[in-house]
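The values are calculated or read from the model by the stated rules, or taken from the named source; none is laboratory data. A quick note: this is a predicted structure, and the numbers were derived from the prediction, not measured. Because the Cβ atoms are built from the backbone with ideal geometry, glycine has one as well, and the counts that use them run over all protein chains shown. For accessibility, only protein heavy atoms count, side chains too; no ligands or nucleic acids. Shrake-Rupley method; radii C 1.70, N 1.55, O 1.52, S 1.80 Å.
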Amino acid sequence: MQEIGILGAGLIGASWATFFAAQGLPVRIYDVNDHVKQQALDQSVKNLQRLADLELLTQQAAATAQGNLKSVDSLAELLLDVEYVQESVIEDYEIKADVYREFEQHAPDTAILGSSSSGLLMTRMQSVMQHPGRALIAHPFNPPHLIPLVELVPGDQTAVATLQTVKEFFLKLGKHPVVLNREVPGHIANRLAAAVWRESLALLDAGVASVEDIDAALCQGPGLRWALMGQHLIYELGGGTGGYQKFIDTIGASFEAYWEDMEHWTRIPESAKQKAVSGTQSYLNQKSPGEWAAWRDEKLARIQQILREEK
Ligand SMILES: NC(=O)c1ccc[n+]([C@@H]2O[C@H](COP(=O)([O-])OP(=O)(O)OC[C@H]3O[C@@H](n4cnc5c(N)ncnc54)[C@H](O)[C@@H]3O)[C@@H](O)[C@H]2O)c1
């Protein structure tokens, strides 16, 4: 797939545009909001220069990639002869349904639609389509131009060939696709994030520690290992010579006791919301949100370099 359309150019759409352009592909960008569209183009150009500064891209590749980006004035122009569309419009079933109906009016029959949706179900979204076999979830992690994960989730009507084509496409572009056998709200990664976030809020609400210490307990400890391996492999190693079975038999019971003590909220209490928002202000005394994002992106790029060297 060569001709890429970015449909919805907010935070995620702009980063996807950077990613595809960096791979040498021609990218067209469309958003209903002209200002957002222009911002996405400007941001992508900046992102590409940043990738070159971080030596993740040569200066020449960055210049070519910048030339590969263009914004278009209508959805019809975006979809003309397009081969793959990355949809990143607002997370709302009604808005996505309208966009999917319009996609079918203008896109060639062979075009594939990947949705960035963080947690909506593809079965429901594709139900408005006449050719639903060509739509699936392709969920990135923010920012997609720096984080390799893409979660591929077929809906009930997604064709097997679509899933296979998109998986091969992303593998070729250097992403790390994971495939869900069935759809669940939040896919895999956001469900894991949701579990950790709930406990981060609960510890704060119960006064166990400050926002900064709860965050530090994550990123100065388990977070460092998580860049390398997931919970299953970590506990295989945690069981020493006895492996995962020994870990479960000896330490598993302690975890069951933690689970009993932990919160099982399905709503965030007001008190936790307030403590989280006010507690997080301390970070903003150190750097502005933009400076934090730039700091994050630079460190993420360096971690990627290390992981690539180790492969
Ligand atoms: N923010 C994240 O961390 C994150 C991470 C992964 C996936 N996602 C998913 O990506 C998608 C977009 O999220 P975002 O954070 O970029 O939101 P955003 O609000 O920054 O961008 C959404 C864009 O969609 C545009 N839009 C709305 N209706 C449109 C239409 N009919 N045609 C074209 N454009 C339209 C809006 O103008 C807006 O610019 C959502 O589905 C979200 O779940 C978000």
If Arg28 passes every condition in (1) open to solvent by less than 80 Å² (accessible area, probe 1.4 Å); (2) under 26 Å from Glu102 (Cβ atoms); (3) touching a strand residue (DSSP E or B) at 6+ places or on another chain (Cβ under 9 Å); (4) part of a helix (DSSP H, G or I) but one, which one does it miss? (4)
Can Glu94 be described as more than 13 Å from the ligand (Cβ to nearest atom), in a helix (DSSP H, G or I) and either more than 19 Å from the chain's Cα centre (by Cα) or assigned by TED's automatic domain parsing to the domain that holds Gln157 (or both)? no
Under the condition of being farther than 15 Å from Val85 by Cβ, more than 12 Å from the ligand (Cβ to nearest atom) and touching a residue at least 40 places away in the same chain (Cβ under 8 Å), which residue from region 139-171 is least open to solvent (accessible area, probe 1.4 Å)? Leu146
Quick check on Val85: is it assigned to a helix (DSSP H, G or I) and at negative phi? no
Of the residues that sit in region 109-138 and are away from the ligand (no atom under 14 Å from the Cβ) and open to solvent by less than 40 Å² (accessible area, probe 1.4 Å), which one is farthest from Pro177 (Cα to Cα)? Met129
Looking at region 21-50, which of the residues that are over 11 Å from Ile4 (Cα atoms) and β-branched (Val, Ile, Thr) is farthest from the ligand (Cβ to nearest atom)? Val45
Name every residue in region 11-24 that is under 20 Å from the mean Cα position of the chain (by Cα) and either free of Cβ contacts under 8 Å to residues at least 60 places away in the same chain or not assigned by TED's automatic domain parsing to the domain that holds Leu78 (or both), in order of residue number. Ala14, Ala17, Ala21
In region 197-212, which residues are surrounded by 14 or more Cβ atoms within 10 Å (Cβ to Cβ) and either touching a Leu at 6+ places or on another chain (Cβ under 7 Å) or not basic (Lys, Arg) (or both)? Glu199, Ser200, Leu201, Ala202, Leu203, Leu204, Asp205, Ala209, Ser210, Val211
If Lys46 satisfies all but one of (1) assigned to a helix (DSSP H, G or I); (2) in contact (Cβ under 8 Å) with a residue 24 or more places away in the chain; (3) open to solvent by 60 Å² or more (accessible area, probe 1.4 Å); (4) within 19 Å of Ala294 (Cβ to Cβ), what's the number of the condition it fails? (2)
List the residue pairs whose Cβ atoms are under 7 Å apart, where the first residue sits in region 208-235 and is assigned by TED's automatic domain parsing to the domain that holds Asp261, the second is open to solvent by 70 Å² or more (accessible area, probe 1.4 Å), and the two are 6 or more positions apart or on different chains. Ala227/Ile303; Ile234/Arg225
For region 238-261, give me the residue count where each residue is open to solvent by 50 Å² or more (accessible area, probe 1.4 Å) and in contact with a helix residue (DSSP H, G or I) (Cβ under 6 Å, 6 or more places away or on another chain). 1
Any residue in region 63-70 that is within 16 Å of the ligand (Cβ to nearest atom), modelled with pLDDT of 95 or more and part of a helix (DSSP H, G or I)? no
Taking only region 262-287 into account, find how many residues are within 24 Å of the chain's Cα centre (by Cα), among the hydroxyl-bearing types (Ser, Thr, Tyr) and surrounded by 10 or more Cβ atoms within 10 Å (Cβ to Cβ). 2
Of the conditions (1) over 26 Å from Gln304 (Cβ atoms); (2) in contact with a helix residue (DSSP H, G or I) (Cβ under 6 Å, 6 or more places away or on another chain), Leu121 fails just one. Which one is it? (2)
Go through region 281-302 and give me each residue that's touching a residue at least 60 places away in the same chain (Cβ under 8 Å) and polar (S, T, N, Q). Ser282
What are the residues in region 241-272 that are outside any helix (DSSP H, G or I) and basic (Lys, Arg), if any? Arg267
